[in-house]
1. Just one of (1) outside any helix (DSSP H, G or I); (2) touching a helix residue (DSSP H, G or I) at 6+ places or on another chain (Cβ under 7 Å) trips up SER241, so point out which.
2. Would you point out which residue out of PHE52, PHE2 is modelled with pLDDT under 80, touching a helix residue (DSSP H, G or I) at 6+ places or on another chain (Cβ under 6 Å) and surrounded by 15 or more Cβ atoms within 10 Å (Cβ to Cβ)?
3. Please find, among GLY76, GLY139, GLY81, the residue that is over 24 Å from ALA254 (Cα atoms), assigned to a helix (DSSP H, G or I) and at pLDDT 90 or above.
4. Between GLY263, GLY246, which is modelled with pLDDT of 85 or more and either buried (at least 19 other Cβ atoms within 10 Å of the Cβ) or over 24 Å from ARG122 (Cβ atoms) (or both)?
5. Check region 204-217 and report whether any residue there is surrounded by 24 or more Cβ atoms within 10 Å (Cβ to Cβ), of a type in the set (Ser, Thr, Tyr) and either part of a helix (DSSP H, G or I) or touching a residue at least 12 places away in the same chain (Cβ under 8 Å) (or both).
6. Being among the β-branched types (Val, Ile, Thr), at pLDDT below 75 and closer than 25 Å to ALA171 by Cβ is the requirement here; does ILE93 meet it?
7. Residues ALA149, ALA160: which one is modelled with pLDDT of 85 or more, surrounded by fewer than 16 Cβ atoms within 10 Å (Cβ to Cβ) and assigned to a helix (DSSP H, G or I)?
8. Please work out if LEU258 is buried (at least 18 other Cβ atoms within 10 Å of the Cβ) and in a helix (DSSP H, G or I).
Amino acid sequence: LFAFAGSYWALFASRVIGGFAGGNISAAQAYIADSTSAADRSRAMGLLGAAFGLGFVIGPAIGGGAGQYLGSAAPGLVAAGLSLLNFVSAWAILPESLHPDHRTERRGLGFEAIAQGLADRRLRPLMLVWGIFPFAFAGYTAALPYHAAAAFGWQQKDLALFFIVFGITGALTQGLVFRGLAPRVGERWLVILGTAGVAVAIGAVPFAHTSLVLYAATVALALCQGVVSPAASGLVSVYASPTEQGTTLGAAQALGALGRTLGPEAIGGAYDAAGARAAFLAAAGVMLLAWLATLGLEKEPGGQMLAVRGDG
């Protein structure tokens, strides 16, 4: 539908359908939660995050090349073909991960799961992080191209290279750095320190007077973000009961999607109204709220955190 959309409404419909069918990240995280031990779960989440990060870097390059050399419909057709390949691979290769004893009846839409997560004393700080962190981060990524173009004269190719560096740094962090840090530092401290680091890095952006300094701040941000994402996913699956892991991860992802929707509007509006410094400092301030939420994380949820720290 996206490839052959001849009107705005057809394009809009393709995105709506894609959004309804786009819960594969939550499903993949739930599969990992079902099939790994507490000691290995966060590192597996890190590998999953690295895979998605590489996909976000490689995907636009493939789509751009297909559109330039094969026509405007080619990116949509290539994406559809890859999705079909993904479906066939999952159907043919992956066994069911959830034990029959842990299965529960589906309860309507996800609003109840979000409400339950926010009401749970152990899950509440993480659920808040899942909503606030993407809000600030998405606002930062929306405002950055305008700031870089105005302050340093960056063009499309400069921005493309910048986000490629960001994506590769984040993917390598989740795939390699996080695997070494998680058993030694623990997911709780990685979420706390990583969120603080992202807040500082975003706040430094409007004070970067050269492209090199901006790159340095963004690499630091990518490193911090690369440890927060898998650590937060791992902690959600550890805090939640075995029968609710998939539902809870889905609720967390829903809050993240809401944050990614509202963040660009809010921070972009601040950029238009008050300029770059106000916008990035506002995003940093929101990220500090996420950091404050991390301070409420329990040190040893259910005794399983010790198993994660003690492995390796």
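The values are calculated or read from the model by the stated rules, or taken from the named source; none is laboratory data. Since the structure is predicted, the reported quantities are computational estimates derived from the model, not experimental observations. All Cβ positions, even for glycine, are placed from backbone atoms using ideal geometry, and neighbour counts span all protein chains on display.
1. Status for SER241: all satisfied but (2).
2. When all the criteria are applied, what remains is PHE2.
3. After applying the criteria, what remains is GLY81.
4. When all the criteria are applied, what remains is GLY263.
5. Of all residues in region 204-217, those surrounded by 24 or more Cβ atoms within 10 Å (Cβ to Cβ) come to 205.
Going one step further and asking which of them are of a type in the set (Ser, Thr, Tyr), we end up with none.
Among the residues of region 204-217, not one is surrounded by 24 or more Cβ atoms within 10 Å (Cβ to Cβ), of a type in the set (Ser, Thr, Tyr) and either part of a helix (DSSP H, G or I) or touching a residue at least 12 places away in the same chain (Cβ under 8 Å) (or both), which makes the answer no.
6. So ILE93 fails the test.
7. Just one listed residue meets the conditions, ALA149.
8. Numbers: buried (at least 18 other Cβ atoms within 10 Å of the Cβ): no; in a helix (DSSP H, G or I): yes.
Spelling it out, it is not the case that LEU258 is buried (at least 18 other Cβ atoms within 10 Å of the Cβ) and in a helix (DSSP H, G or I).
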